[in-house]
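> This is the structure, below, for whatever I ask next.
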Amino acid sequence: MRNYFKETDQVVRRELRRIVRQPMYWVLMVVLPVVSFAFFAVIFERGVARNIPIAVLDEDHTTLSRKVTQMIDDTPTAMVSYEVQSMEEAQRLMREGRISAIVHIPAFFEKNILSNSQTHIECSVSGTNITVNGLLSKDLQTAVTTFQAGVQLQLLMKQGLTEKQAMAQIMPVRFVKHVLFNPYINYSYYLSPSFMPMMLMIFAIGTELKAGTAREWLDTAGGSVFAALVGKMLPLVVMMLLMTLMMFLILFKIVGVPLNGSLTALLFGCMLFVLAYMAIGVLIVTLLSNLRLSLSIGGGYSVLAFTFSGLTFPMMAMYPWVQAFSKIFPFTFYTDIFIDQALRGAPVVDSLWDMGYIALFIVLPMLCLPRLRKICSDEKYWGRM
């Protein structure tokens, strides 16, 4: 009976010696992941877009027009960077990319308000950036609506109504909104947990073929391709799990992402996530037996995972075939686990299905073990870039 534990141990020892002798392993598995974690923590430090420059064209120059300009400038998103003298000047600034919105206050603005005549404020918002467009539109509308309500309140109170009676007429129906799970609308809380795990998608079994050491690797395992594969992956898995702990430390302690659910479920989900992408790496290298092409395919596959994860465009709004296509990426299920456990605080049982789906990817290398043995034993596959 074969001693798989001994054969696996021999491959692990060989892999550890290779890691010690080759600094590039440390760069790929430690330095670059930590640097990337720090990069995303810094780039999303503010969490929410603030002080987006806009221009105001005030053709009235009265107390009320200056008041509405000040209220717009006081919003979290908008910053009145330019007070232009003409619409042509404002449009030029917009085309140059120096502002993201134009607010036009017409002449006789205050006069029309005081005479109880209808007036208007025009806002032109650049649609080149969907995020900026949404934030600015919301805050500009809020500022103008608040100003409008304040004017109506003063007019009604001058007619003899109490403040409570006036408010009841201005807002007969009050809309109360509760933002669940991410009440600060903080982009860092859902982008950082998505970008950082993508930095863990690193695997390089193809180096054995490139260096022509595949047969030596297989012989170290006593000819057992299964023991060779497990022994090679084990040190990498341990290193990636340590990087996972580092990632969680940055996310929860430095970035400040809330942890409302189970940390154990998150750790287990991330372990499955790492194993799944390593399994996919083995599958790609085994099928293509070409390191350069494998890296290209693997890179494209990893990038598509973020696109179809449902973070930037909601999954429920995608076509059914696109929703089905998104299931070929473990990242889709890992994202669900993270959002459920970190932000929603869902029961662990709700994440078990996602964990089960990720676990299915781990068995992929088992389907191609005969081919892996073949390319490790046949010299024609060695040294191919």
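The values are calculated or read from the model by the stated rules, or taken from the named source; none is laboratory data. This is a predicted model, so every value here is computed, not measured. So basically every Cβ, Gly included, is an ideal-geometry build from the backbone, and we count neighbours across all protein chains shown. Accessible surface areas use protein heavy atoms only, side chains included; no ligands, DNA or RNA. Shrake-Rupley method; radii C 1.70, N 1.55, O 1.52, S 1.80 Å.
> Using unit Cβ charges (K, R positive; D, E negative) and no other charged atoms, how large, in debye to the nearest 20, is the dipole of the stretch 77-136 about its Cα centre?
Around 100 debye, computed over the stretch 77-136.
> How much length is gained if the chain between Leu360 and Trp321 is pulled fully straight, taking 0.36 nm per residue apart and subtracting their Cα-Cα distance, in nm to one decimal?
Contour length minus Cα-Cα distance gives 12.0 nm.
> Then there's this: Ignoring everything but the protein chains, give the 1.4 Å probe accessible area of Tyr82 in square angstrom, nearest 10.
70
> Which entries in the list Lys138/Lys327; Lys6/Lys374; Lys232/Lys374; Lys138/Lys158; Lys67/Lys164 go over 28 Å, if you measure between the two C-alpha atoms of each?
Lys138/Lys327; Lys138/Lys158
> Starting from the Cα of Met246, step 7 Å along the direction of its Cβ; do the same at Trp26; then give the gap between the two resulting points in nm.
It is 1.2 nm.
> Taking 0.36 nm per residue of separation and subtracting the Cα-Cα distance, what length does fully extending Glu83 through Met157 add?
Taking 0.36 nm per residue and subtracting the Cα distance, the gain is 23.4 nm.
> Decide, for the stretch 236-364, between rounded, prolate and oblate: order the square roots of the alpha carbon gyration tensor eigenvalues as a ≥ b ≥ c, take rounded if a/c falls under 1.5, and otherwise choose prolate if a/b is larger than b/c, else oblate.
Oblate, because a/c is 1.5 or more while a/b does not exceed b/c.
> Then there's this: Please give the FRET efficiency for Gln91 paired with Gln148, using the beta carbon to beta carbon distance and R0 = 35 Å, rounded to the nearest 0.05.
My answer for the efficiency is 0.85.
> In nm, what is the difference between 0.36 nm times the number of residues separating Leu352 and Val173 and their Cα-Cα distance? Mind showing how you got there, number by number?
Numbers: separation 179, 0.36 × 179 = 64.44 nm, distance 4.24 nm.
Answer, rounded to one decimal: 60.2 nm.
> Counting only residues 5 or more places away or on other chains, whose amide H sits under 5 Å from the amide H of Val56 once H atoms are built in the peptide plane?
Tyr82, Glu83, Val84, Val103
> Go ahead and run the numbers for FRET between Thr213 and Leu287, Cβ-Cβ distance against an R0 of 30 Å, rounding to 0.05.
Rounded to the nearest 0.05, the efficiency is 0.90.
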